[in-house]
Structure formats: C-alpha cells, structure tokens
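The values are calculated or read from the model by the stated rules, or taken from the named source; none is laboratory data. Model, not experiment: these values are computed from the prediction. Cβ placement follows ideal geometry from the backbone for every residue including glycine, while neighbour counts extend to all protein chains displayed. Ligands, DNA and RNA are stripped out before the accessible areas are found, and what is left, the full protein with its side chains, is counted by its heavy atoms. Shrake-Rupley method; radii C 1.70, N 1.55, O 1.52, S 1.80 Å.
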Amino acid sequence: MPEGLTKAQKKNQKRKQKRDEQRPQTTAIVWLREDLRLHDNPALHQATQCGAIVIPVYIKDESDPSPWPLRGAALYWKYWSLKCFDNSLRGCGSRLTLRRGDALATIAQLAADTGATSVYWNRACEPWNVERDEHVKESLQMNGIQVHDFKGVVLYEPWEANPDDNAHRAGFGSVGFFRAACERLGEPSKPLPAVEKLKAPLLWPASLTVDDLGYQRMPVRKGGEVVDWAASIRQRWEFGEAGALRALDEFITSDASQKFESRQRFRADRKWTAQISPYVRFGELSSRLIYWEAKRRIGHNCQTFIRRLFWRDLAYWTLWKFPSCHTEPLRPQYAHQRWGTDAAALKKWQRGRTGFPLVDAAMRQLWAIGWMPNYLRHVVAGFLVEYMNMHWFEGFKWFDYTLVDSDVAINAYMWQNGGHSGLDQWNFVMHPVYAAKSCDPEGNYVRQWVPELRHLPVEYVHCPWEAPVTLLASARVLLGRDYYRRTIDDLLAARRNSHKAVIEVREGVGKPYVLACGNEKMQLPDGRWVRLITRIDYRMMAANPVTVQTAADAWNKSKRRLLDQMSLALADEQRIYHQSHPDADEEEKADL
Ligand SMILES: Cc1cc2nc3c(=O)[nH]c(=O)nc-3n(C[C@H](O)[C@H](O)[C@H](O)COP(=O)(O)OP(=O)(O)OC[C@H]3O[C@@H](n4cnc5c(N)ncnc54)[C@H](O)[C@@H]3O)c2cc1C
C-alpha cells in the first residue's frame, strides 16, 4: 500500500546497492518489539538502507519492566504476530531470531556472537519501556555499539506534544486540546515503503522457535484435556501484517468508511468501524499509514476516523505525564470514592450473565473473540461503573486480560474516564437497554451473542423481563432457566446510588478541587493547575442523575405488538367480542 518507487528512485536504489556491495560488511541488529511489520518500519528500513547485514531480533524480556506484562488474549495474539512476521521476513530472505532473557544482556551477547556494531529499534512510549530503552542504549554505547532509535509507534510521541496556555485556560477534556498541540508540530511524516529484501548473515545465530516462548500455551485439565479457549479468536482474525493491510483496505473501500461521520459507526450488528485495533496495538499496522491512507482514499469523510488516532496518542501522552494512571485516579480525590464490592455480581458482568442482553452480548463477544466495538465498550463500562457502582479498575483488569488489543495506555485512559476520575468525564451514560436503539436497533447483535433470546422480537429482545409470559414461552425462554434474571431490578435507584457516591466525594474530600463553575481542577506534574471538564450531573450537584438515555419509539410499551400464537388468539377473541358487543368499552368504563 505505501506508494511505489519511481523510476529515478529505483535507479538510485540500484546505485546504492552497488556502493553497499563494495563497502566492508557491517552487521546491524534490529530489535523488534511492538512493530512487527515490513511497511513503515523506520528501524528496519534504516538498517537496510545502510547496507548492513541485518539480524532481526525479538526478545522475550525476562526483566520486563511493564506493570502489565502481556497476558491472556493479547499474549495469544502476540504468538501469531511473531509467527506471521517470521514468515514475512523469510519472504525477504531473512528470519526472526528469538531469544529469552534480560534485554540488555541478550542484545550484548548477540552483538558479540554476530559482530554487530549497531542496534536499531523503534521507540516505545510507555514510561517504563522508555526508561529501560535509555538504560540499554547507554550501556550499549558505552561498549562501542551504535544505537539508532526512531519514532514508529504513534503519530506524535508523548514528549513532542505540548498543550499551550490556551489549552490550560480552556481546560482539558475530549481530544481537541491535545490535537491542537500536535497539529502545531505539523502533519505526521509519510509512511516508509515496505522493506523487500534484507541482507542475511552467512550463518544465522542460534534462535528459539516461536513456540518455545510459550505464548500460545493453553491450560490443561486434570485428565489431560487441553482447554483451547482461543479457537474462536483464530476463527475471527487473520493475524499479522497481511491481515492488517487487508482489514484497513476493506474498511477504506467499504461503505463504513464513508459513513463513519454518521451515527452508523455506533452500530454493533454490522462491521461499521475498521476493526483494526489489535493490528495497531501490535504494530502490524502503522498509525502513520492509516492516517495517510485515510486522508488519501476516504477524503473529506475521514475526520472522525482520523480523530481516533489522536485519541490513541492522547492516551500515550497521558500515561507519559501520569505514569501511575493505570492504577491511581488522575483526579486524586476520587481515590476516596465509595465503591461496591459484590464479587459475585462482578463475575456475572465478566461472563455475560447480568440478565441485560446488550451487556451480556458484548461481554460474551469479548470472551469469544477478544474484541468488542467501541460503543459497546462504553455500554459495559457504564454498566459496571454507573449501575453496579464497581470500581473502574475491575473493568480495566478484565479488559487487560481478555482484549486482543489490550493496551495499558488506552485501556487505563478510557477506564479512568468511565470511572469519573480521568482527564475527561463522559458526558453521557449508556443505558443498558436504551443504548440498543443506536447500536442494535433490530436486535441482531444480541441474537448473535445471546442465542437463547434469538426468537424474541426486537421490542423485547433487549428487555425480556418486560415480555408477556406467553411470548417468552413461545420463544422458549424461561427467565432464570434459559436466560439470566436481571442482576439489577431498579436501574434508576442503582444510578442514583453511584451518582450519590460521586457527589459525596465532591462535597467532602473533593471540595477543594471543585471550581465555582462546577468543573474540577487538577495539578499537572509541572505544578500548574488545569480545569477538567466535568459531567453536567456533577457540575449541577443535582440530587439525581441528569444525563439519561431514552427508549426507542418502537419499544414504547403501548406500541408493542404481541406476535406469539397465544397472544394473537387472545387478541382475536377480544376483537370478535368487541365486534359483537359495540358498547362493551363504555359499559366497562362505567364500572370503574
Ligand atoms: C473502556 C474502554 C477500554 C478500551 N480499551 C482499549 C484498549 O485496551 N486497546 C485499544 O486499542 N482500544 C481500547 N479502547 C478504544 C476503542 O474501543 C478501540 O480502539 C476500538 O473499539 C477498536 O475498534 P476499531 O479498530 O474498529 O476502531 P475504529 O473506530 O475504526 O478506530 C481506528 C483505530 O483508532 C484507534 N482508536 C479508536 N478509538 C480509540 C479510543 N477511544 N482511544 C484510543 N484509540 C482509539 C484504534 O487503534 C482503532 O483501531 C477502549 C475503549 C473503552 C471505552
């Protein structure tokens, strides 16, 4: 997909190749991490350009500094990502050398074994990885090995973007303040062409196999049976760079990209978003390529889609500024919020057994394929925080374990926002039933993931407890037997409870952080204070929640038609009776 080379460029390349052949051979190590791709890979590209023999390396870092090392579905994705990338490299006359151990010690040993004099990598953005990389860089340089590092993970690295005084005055919230800071730096650079050929050493250094790393290991039951929990993940996704490029291309050429500006992107029953997040997460797809391809091929309808990439960079920026935001509330006063502790209810949420079909469908989709659409992530996060009053950290941990695109920066950023304590506070609350009018208006998403409700008509598929018993019986649903009873009967009371918990913070320990306008303020690491946009419910200090979603017209109880046999028969009886007793209604009224 990156633009092809012109004739002149090809000629230059040939000349360069000749020059390189005459030069004394050097060897370069390319340390690959979350950038397993040939296209727009600055480290790989530059190592190739300098004519060196290239040793692409992946290290299972046994002193991984991340507080959230890869696990669950994301780790499984990484397994396939490595396998696919090794295959791609083999197509370029190279291969992936796999090692396990401390990153610095492993690279130093590999350099000694291969005679490599330089190491290339694309810079990570998580503070703990940046720190490790700095240490590796310093130590290698002290030992005479050159290090070349590049921007290759985001559009704008966290240390580049600086929100100006204007942003501080206007306040942080949403993504606009950050995007403005990025745009002052100019547009992202254009993606580099895919590497096609890599110079191989005469003898490859020893390597583990991808399987040796153990990322694909499945639990084994006592009797020896392997629990292959990833079968549906394999079925859903085409792993690796080829799958990534295909998914991006499919999205760009589909109707979905042209309609992304509209509310269609909220729909969960069809593929209305790009569904590329795991590829982006593991660097199988470069965000620079997405940016430029979207601009070039989607045209003026690409704005909302491109905005997504700024949300991503904003999450990294936030983690960079507040390295403990994956555990500690960004608005510190919310560390004192009162949360629920019902472990059984949490488990029901995790496993899609809340009795709210939309929530259950999304959580089951997540469990099955490691992914759910953005809109549904808001629905289930809202349900956990606003209705169950459970701490956002529980949601963060579950997503970290189950998402194939699990990314500590984005996951923490989004859950903090959902949990009231982030830079942004969602100015909406998704209702677990009414949200379906945007994302599942025909009920097909629920029917796919909660098949026990597949025979219910749309008027009831999102709220089976409201269906007449006769209808439930004809749809073969007995609540409590075939599908779960609701975990929360009174949604409004539940919301009032979590609303009150926030108001208690604002009236108590949080009072010094509340500005006269009702928004809250927060101190930045540089000591400055900034206004944070705060949800209207809290700004107003309202006794009850203000932001509410309403039902779809079609689900209005008075408009619901009963279509089961028994109800149709009863309706027929009623009609016949009324035809033969035209004054019956008046007589009944007189009886009241
Ligand atoms: C509670 C919660 C937790 C989340 N956790 C993660 C996570 O761990 N990893 C993750 O990649 N996304 C996360 N997201 C963001 C978002 O839901 C996914 O990126 C999106 O659903 C991916 O689908 P897509 O590829 O079709 O996205 P599209 O809408 O087509 O967007 C294209 C790309 O932009 C990026 N993007 C989109 N939305 C966001 C966003 N809100 N923030 C940052 N980047 C975004 C992703 O890389 C995505 O692939 C989370 C959202 C919520 C509400």
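Overview of results
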item: Stokes-Einstein D for the range 109-158, Kirkwood Rh over Cα pairs, 25 °C, 0.890 mPa s (µm²/s); result: 209
item: Where only C-alpha atoms are counted, convex hull volume of the range 121-227 per residue in Å³; result: 263
item: Sulfur and carbon atoms: percent of accessible area, the range 321-391 [1.4 Å]; result: 53
item: 32 Å Cα-Cα threshold exceeded, pairs from 151/197; 151/397; 10/295; 222/397; 7/83; result: 7/83
item: GluC sites (Glu not before Pro) restricted to the range 120-178 and DSSP loop, no more than 16 other C-beta within 10 Å; result: 160
item: Å³ per residue enclosed by the Cα convex hull of the range 171-214; result: 216
item: Shape box of the chain [Cα atoms, principal axes, largest first, Å]; result: 107, 55, 54
item: The range 367-499 - Rg over Rh from alpha carbon coordinates, Kirkwood radius; result: 0.99
item: Low-density loop cleavage sites - trypsin sites (Lys or Arg not before Pro) in the range 63-146, where at most 15 other Cβ are within 10 Å (DSSP); result: 71
item: Cross-link partners of residue 18 among aspartates and glutamates (Cα-Cα below 20 Å; sequence separation of 8 or more within a chain); result: 196
item: Nearest-10 value in Å² for the accessible area of residue 391, using the 1.4 Å probe; result: 50
item: In Å², nearest 10: area of residue 347 left accessible to a 1.4 Å probe; result: 110
item: Two-site label geometry, residue 550 and residue 570: point separation in nm, points 7 Å out along Cα→Cβ; result: 2.9
item: Structure-based [θ]222 nm, the chain - -39500 (n - 2.57) summed over DSSP H runs of at least 4, per residue, nearest 500; result: -13000 deg cm²/dmol
item: Principal-axis tilt of helix 240-253 within the chain, Cα atoms, nearest 10 degrees; result: 50
item: Degrees, to the nearest 10: 127-142 long Cα axis against longest axis of the chain; result: 0
item: Cα-projected label distance for residue 18 with residue 246, points at 7 Å along beta-carbon direction, nm; result: 4.1
item: Protection proxy ranking of 398-407, 29-38, 321-330 - average other beta-carbon atoms within 10 Å, highest first; result: 29-38, 398-407, 321-330
item: Environment charge at residue 428 (Cβ cut-off 11 Å; Lys +1, Arg +1, Asp -1, Glu -1); result: -1
item: Tilt relative to the chain, helix 72-90 - C-alpha long axis, 0 to 90 degrees, to 10; result: 40
item: Net length gained if the chain between residue 497 and residue 151 were fully extended (0.36 nm per residue, minus Cα distance); result: 120.0 nm
item: Residues residue 254 and residue 231, FRET efficiency given R0 of 22 Å [Cβ-Cβ distance, rounded to 0.05]; result: 0.25
